[in-house]
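Asker: Below is the structure I would like to discuss, written out as structure tokens.
The values are calculated or read from the model by the stated rules, or taken from the named source; none is laboratory data. Computed from a predicted structure; not experimentally measured. Cβ placement follows ideal geometry from the backbone for every residue including glycine, while neighbour counts extend to all protein chains displayed.
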Amino acid sequence: MTLPRTRPDLTADERAQLVGWLDLQRAIVHWKCEGLSEQDAHRPVLPTSPLMTMAGLVSHLRWTEHCWFEVLFLGRSAEPNPQFREPDDGDMMVDDVPLAQLLAEYERQCEISNEIVAAHSLDDVGRHPDFRSGAASLRFMLTHMVEETARHAGHADIVRELLDGQKGYY
């Protein structure tokens, strides 16, 4: 599925700006995966970073959405999230998972995140008592997720160019 790659309106309110920029970066990640073969989606292109694959990036972003909005903000269990278990970077170890499945899971997680954001004030703070970041405001979490997703969208752009020469911002 091709997600729209549109910037938020120039005069939109703060919430629409934050969610709009985050949605744009999410869509760029999906776009960078379009047309990739399974082999390329799981192929590392950096010898010193064997987990830096398109599939690994998508999985990491999915679980990062889960971490910030469901675990840290809502206070839900961290148990299903591999980011909270050993080994480090376990969320990027997805050699046996098809890219289409990873993208669908990421898209669904983003929908859940957007539902959480829509139901709360930007001034509300997280509820997870076991993590310092759980005390952050939803505004902080959204801003962080724009940064996190944009950084990894940049990684995806580089990985894609190294895989097959495809490049471009949007």
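Asker: Starting from residues that are in contact with a Pro (Cβ under 6 Å, 6 or more places away or on another chain) and without any contact (Cβ under 8 Å) to a residue 40 or more places away in the chain, keep the ones in region 28-61 and report whichever is surrounded by the most Cβ atoms within 10 Å (Cβ to Cβ).
Answerer: Pro44
Asker: Looking at region 83-111, which of the residues that are within 20 Å of His144 (Cα to Cα) and in contact with an Asp or Glu (Cβ under 7 Å, 6 or more places away or on another chain) is surrounded by the most Cβ atoms within 10 Å (Cβ to Cβ)?
Answerer: Cys110
Asker: Can you name every residue in region 1-13 that is more than 20 Å from Glu161 (Cα to Cα), loosely packed, with under 12 Cβ neighbours inside 10 Å and touching a helix residue (DSSP H, G or I) at 6+ places or on another chain (Cβ under 8 Å)? Steps first, answer last, please.
Answerer: Restricting attention to region 1-13, the residues satisfying the condition of being more than 20 Å from Glu161 (Cα to Cα) are 1, 3-4, 6-13.
Subsequent filtering for residues that are loosely packed, with under 12 Cβ neighbours inside 10 Å retains 1, 4, 6, 9-11, 13.
Of everything in region 1-13, those that are more than 20 Å from Glu161 (Cα to Cα), loosely packed, with under 12 Cβ neighbours inside 10 Å and touching a helix residue (DSSP H, G or I) at 6+ places or on another chain (Cβ under 8 Å) turn out to be Met1, Pro4, Thr6, Asp9.
Asker: Also: Out of the residues in region 137-159 meeting the condition of being in contact with a helix residue (DSSP H, G or I) (Cβ under 7 Å, 6 or more places away or on another chain) and among the small types (Gly, Ala, Ser), tell me which one is surrounded by the most Cβ atoms within 10 Å (Cβ to Cβ).
Answerer: Ala156
Asker: Could I ask something else about it? Kindly indicate whether Pro50 is at pLDDT 95 or above and farther than 24 Å from Trp21 by Cα. Give the steps one after another, and end with the answer.
Answerer: Working: at pLDDT 95 or above: no; farther than 24 Å from Trp21 by Cα: yes.
Considered against the rule, which asks whether it is at pLDDT 95 or above and farther than 24 Å from Trp21 by Cα, Pro50 comes out as no.
Asker: Since Val94 meets every condition but one in (1) under 18 Å from the mean Cα position of the chain (by Cα); (2) at pLDDT below 95; (3) on the phi < 0 side of the Ramachandran plot, which condition does it not meet?
Answerer: (2)
Asker: For the structure I just gave you, tell me whether Glu14 is of a type in the set (D, E, K, R), closer than 17 Å to His152 by Cα and modelled with pLDDT of 95 or more. Steps first, please.
Answerer: Working: of a type in the set (D, E, K, R): yes; closer than 17 Å to His152 by Cα: no; modelled with pLDDT of 95 or more: yes.
No, not satisfied.
Asker: What is the number of the single condition among (1) acidic (Asp, Glu); (2) crowded, with 18+ Cβ neighbours inside 10 Å; (3) more than 21 Å from Gln39 (Cα to Cα) that Asp130 does not meet?
Answerer: Of (1) acidic (Asp, Glu); (2) crowded, with 18+ Cβ neighbours inside 10 Å; (3) more than 21 Å from Gln39 (Cα to Cα), only one is false for Asp130: (2).
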